[in-house]
Structures are given as C-alpha cells and as structure tokens.
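Working notes, beginning with the structure itself.
The values are calculated or read from the model by the stated rules, or taken from the named source; none is laboratory data. The model shown is predicted, which means the values in this text are computed figures rather than measured ones. As a convention, Cβ positions derive from the backbone with ideal geometry for all residues, glycine included, and neighbour counts pool all protein chains shown. Each accessible area value is taken on the protein alone, full model and side chains, heavy atoms only, with ligands, DNA and RNA left out. Shrake-Rupley method; radii C 1.70, N 1.55, O 1.52, S 1.80 Å.
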Amino acid sequence: MKTVEIKVEQGILRGEETDTKRVFKGVPYAKPPVGNLRFSSPQPPDRWLGVKEALSFSKICPQPKATNPFYRKEFYAYPDYPYPDMSEDCLYLNIWAPSHTKGGCPVAVWIHGGAFDHGYGNEVTFDGDVFVQNGVILVTLNYRVGIFGFFAHPELTEADPTHCVSNYGILDQIMALRWIRRNIEAFGGDPDNITLFGQSAGAMSVQTLISSPMTRGMVAKAIIQSGVGYQNPILKDKTIEEAYQTGEEIMKLAGVKNIQALRQVPASKLVDILPKLQKSSQHILFSPVVDGFVLEDSLDSLAKRGDIQDIPCIIGVNGNDFGFGKEESIRKSAYFQSMIDFVNLHNQHGKSSSYLYIFDRQLPGDDAGAFHSAELWYVFGTLNRCWRPMEVRDYKISDEMISAWTSFMKDGNPGLGWKPFHEENDFIRRF
C-alpha cells in the first residue's frame, strides 16, 4: 500500500494513495466527548506530535444495532462490512480526494441519516470513488446520535456558555464543517464551494444547518434527500419543553438524579434505554431543538419568512418513502407537498435555483419498491455491494444520479435537462 502525508492544523496525517485517489479515514475534528465532555458542546481537536495514521475508519457513536428485519438485510448483513466498534470517542471524518489536482475541487459533505439515534459515516452504501472520478472531494462524518447527541436538561443549558439545548449532534456537524473549511485546501478542495447533502435525519440536518445563523457563509449548495421541507407531516423539530420532557424520562430510566451521576452511567446502559423510550413516542425521539442558538425559530417559521441561506438546492423523495404504498401516489401526499412548498418559499425569498426530484425505481429482488434509503446505493455508486440482482437499468439510473449530483456540486446546475422548479414551471426530475 502506498501512503501519502498531508499537513493539517493539528499536525501531519498519513493516508492511503492510489493513482487516482487519496483516502484519509478516521480524521479527528473535535476532542473526544468523553468524561465531563459527555453532554457538552464539541471542543476543537488537540494537536499531535509526529504523524497520525488515518488508514482506518474510527469507532462510531454507541447505538443499538438494526433490529428491523428488512433494513437489517438491506444494509447490515454484509460480512465484508460488519458493524464497526462503538465508543463515545467518535468525532471523526473521512476524506476521499483526487490524487492529482491543482486545487479548487468542489467539496461534498455527507451527513448520514438514522432517525438521529443511529448511523455512521462509513456505512456499506457510502463510498467516495465515484465522486473522485467526477472531480469532487467527498467528506463523510460521524456525529453523536441518540442520548449522547440530543439529551436535554435545564442544568446542562445553564452550564453551557451559549445556553444550547440538546443540539450536541448538530453542533458536532458544525464543528466538522468548520474543520473542513479550515483544512480542505490541503487536500485540493475549495472551502468556498462546499455542498452539504444528507438523507432522512441527514436531510433534516442539512436543512437545519442552512437555517442556522452559525453556518452563514459556510455552505455553497445543499441537497436534501427524503427530508424535511415545509410543514413535513413526518419529520419535525422539537421545542425546548419537548426535549426536557424526554430528558426527564431518560434520567428516570437511568436511575439517576443529577447530571454528574448520568455522566458516570456506562454508554451501553444508555443505549439499552432507547427501546423503552421509543415505546412512548409517536414520532422520532430525537431531532434538532429550537433553542434560540443553533435554531432561532422552527424550521417551518424560518422557511416561511425566508430566513435561510439563499443557495441552490435539490430536494426530493423516494416513491415509497416511509411506507407509501404502490396504490398511494406520493405525488399527492402531504409529505411530498412539503418539499414543493419549501421550494416555492425558497424561490419567493431568494434568487438561487431549486430542483425537485422523485426517485421511483422499483428495486429488483422483492416488492419493496422505491423504499426509504433505496437511492443511497445509486447516489454513491455502490450497487455492486448490494445483495439485489441489479440490472443494466439500475446502473444507468445510478450514472444519471451521480452525474446530476456531482454537476450540481460543481456549479449549482445538475444538468441532464433538469430544469429549476417554479410554480409556473413545475418540473420534477424522475429517476
């Protein structure tokens, strides 16, 4: 294996290099959030002496392993891609970059989904090869999920200098984005041409970040896959009161009466609490909190008054997202309407183009259709890792999506005849 060394703010990283790409895995972007830093805002990473190996993926935030039989078979039953080890020391990112570049490459930052209680940056569906082949640097990252990323308690709010409530997982993403902006030039990237993209909870994260005052001027473009929009009936942000209520329930289930005691509870026990919490919740347990710091108002209110970044956006859904059946057209659903309404508001308040899509490929191998998360195999060009008997048309769809996504990441135009969506020109790209 050939290695390459690159200097970043904290020291020298050693990654892997081939004729076409450089890959750096497990790059720290914050201090390990352990001990007294559990349930605290992320802190900048320490410098190191000598050369730091960046040749293997890091451990991931403690989380329950997938129990849903369908998703377990789809994404987690691959011997070559086993569940990573888990640790609260999980704030690391991964970089795929072209080997030979004069610099100025567009940068794509992927935020994984997983209902804000699971997921990680090196899942079987994710890979940077096709992005590098198209002249784009890909960065994936881990952030704190579940109780570790979204626990809320008044005592923590009071102690935090910013009085942030719960949003540690979102602050991790912001810390990663700051690290990328300060260091990506060393990998040949353009810090002023960063596209955030994410799916499901990752899509909600993207919309949160482009709606937050903390990232103004840091993001050039956004892609929101099966995410929020405006007045989404499935995915919603949380109020401070809702976050505190969940926090109280966590304290009771953990059998502790103060934060100091909760910080001593083993991570595995906090993971085991999750299923008990989920039984009492109609919606996802954790999501961004309207705390007046990360989010100054609800995502809906910010979109309605145009208080989000005026940047080019792609937003879309899968044909059978969240259990939409074959007979029920997602085009007529309130869920898809929330995407249309978001684009209309974005057009009303800004000058940047917005693009709408539906991924509607009925995947081969069973009758699950275009289920939630199905497009990930196609966007990342990892069809050959999937158990399904993929056909020629699947590889063609994947090529089209990769071309559209990477073209958009370069200059804000996905090409392929994909027109911006307007009320008078309701163009929706179908994959």
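Within the range 41-181, what whole-number % of the accessible surface is contributed by carbon and sulfur, with the 1.4 Å probe and all protein chains included in the calculation? Each step should come with its number before you reach the end.
Working: 2690 of 5260 Å².
Roughly 51 percent, rounded to a whole number.
Please calculate how many Å² of accessible area the chain carries per residue, with a 1.4 Å probe and no DNA, RNA or ligand atoms counted. Numbers along the way, then the final one.
Numbers: 17390 Å² over 431 residues.
Result: 40 Å² of accessible area for each residue.
Quick check: at a probe of 1.4 Å, how many percent of the accessible area of the range 370-422 sits on carbon and sulfur atoms?
On the way: 1020 of 2030 Å².
So the carbon and sulfur contribution to the accessible surface is 50 percent.
Distance check, please: which entries in K73/K276; K236/K410; K102/K410; K25/K269 exceed 19 angstrom between their Cα atoms?
Values: K73/K276 24 Å; K236/K410 31 Å; K102/K410 15 Å; K25/K269 29 Å.
Among K73/K276; K236/K410; K102/K410; K25/K269, the Cα-Cα distance tops 19 Å for K73/K276; K236/K410; K25/K269.
Express the relative contact order of the range 43-158 as a whole percentage, based on alpha carbon pairs under 8 Å and six or more residues apart in sequence. Could you put the intermediate results ahead of the total?
Values: 149 pairs, mean separation 35.3, N = 116.
Normalised by residue count, the contact order of the range 43-158 is 30 percent.
Would you work out the charge dipole size for the chain about its Cα centre, treating the Cβ of every Lys and Arg as +1 and the Cβ of every Asp and Glu as -1, and quote it to the nearest 20 debye?
Working: 44 positive and 51 negative charges, 125 e Å.
Computed charge dipole of the chain: roughly 600 debye.
So if R0 is 35 Å, what FRET efficiency would R385 and E155 give, r being the distance between their Cβ atoms, rounded to the nearest 0.05? Walk me through the intermediate numbers first.
Details: r = 45 Å, r/R0 = 1.28.
So the FRET efficiency works out to roughly 0.20.
Ignoring ligands, DNA and RNA, how do K257, K276 rank by accessible area with a 1.4 Å probe, largest first?
Values: K257 195, K276 120 Å².
In descending accessible area the options line up as K257, K276.
When only Cα pairs under 8 Å and 6 or more residues apart are kept, what is the percent relative contact order across the range 325-431? Provide the component values of the computation, followed by the final result.
Working: 109 pairs, mean separation 31.3, N = 107.
Across the range 325-431, relative contact order equals 29 percent.
Between G169, G316, G292, find the one with the highest GNM mean-square fluctuation for the chain; connect C-alpha pairs within less than 10 Å.
Result: G292 has the largest fluctuation of those listed.
So if each residue of separation counts as 0.36 nm, and I subtract the Cα-Cα distance between A334 and V256, what length gain in nm does that give? All intermediate terms of the calculation are to be shown ahead of the outcome.
Numbers: separation 78, 0.36 × 78 = 28.08 nm, distance 4.13 nm.
Contour length minus the Cα-Cα distance gives 23.9 nm.
For the range 210-317, give the percent of accessible area contributed by carbon and sulfur heavy atoms, probe 1.4 Å, rounded to a whole number. It would help to have the intermediate numbers written out before the result.
Values: 2210 of 4720 Å².
Roughly 47 percent, rounded to a whole number.
With +1 assigned to the C-beta of every Lys and Arg and -1 to the C-beta of every Asp and Glu, and no other charges, what is the dipole magnitude of the range 277-427 about the Cα centre in debye, to the nearest 20?
On the way: 14 positive and 22 negative charges, 63 e Å.
Roughly 300 debye for the range 277-427.
With contacts defined as alpha carbon pairs under 8 Å and 6 or more residues apart, what's the relative contact order of the chain in percent?
Relative contact order comes out at 15 percent.
When the Karplus curve 6.51 cos²θ - 1.76 cosθ + 1.60 is applied with θ = phi - 60°, which whole-Hz ³J(HN,Hα) does each residue of the range 145-155 get, with x for Gly and Pro?
Rounded to whole hertz, the list is 10, x, 4, 5, x, 9, 5, 10, 7, x, 4.
Can you put S40, S211 in order of accessible area, largest first, using a 1.4 Å probe? Display every interim value, and only then the final one.
Values: S40 25, S211 5 Å².
The ranking, largest first, comes out as S40, S211.
Give me the log10 of I(q) over I(0) for the chain at q = 0.06 Å⁻¹, as the Debye formula computes it from C-alpha points; what are the numbers?
These q points yield log10 I(q)/I(0) values of -0.23.
With the crude spin-label approximation of a point 7 Å out along Cα→Cβ, what separation in nm comes out for D399 versus R305?
That separation, rounded to one decimal, is 4.9 nm.
Multiply the residue gap between V392 and T101 by 0.36 nm, knock off their C-alpha separation, and tell me the result in nm, one decimal place. Could the numbers behind the result be given before it?
Working: separation 291, 0.36 × 291 = 104.76 nm, distance 3.21 nm.
This chain segment gains 101.5 nm when fully extended.
Report, in cubic angstrom per residue, the convex hull volume of the C-alpha atoms of the range 285-373.
Details: hull volume 10.5 nm³, N = 89.
Dividing the Cα hull volume of the range 285-373 by its residue count gives 118 Å³.
Kindly point out, ordered by number, any Cys in the chain whose beta-carbon has no other cysteine beta-carbon under 4.7 Å away.
Among the cysteines of the chain, those whose Cβ sits 4.7 Å or more from every other are C105, C164, C313, C386.
Residues with amide H under 5 Å of G114's amide H, sequence separation 5 or more or different chain, H placed in the peptide plane at 1.01 Å from N; which?
Those qualifying (amide H under 5 Å, at least 5 residues apart or on another chain) are A201, G202.
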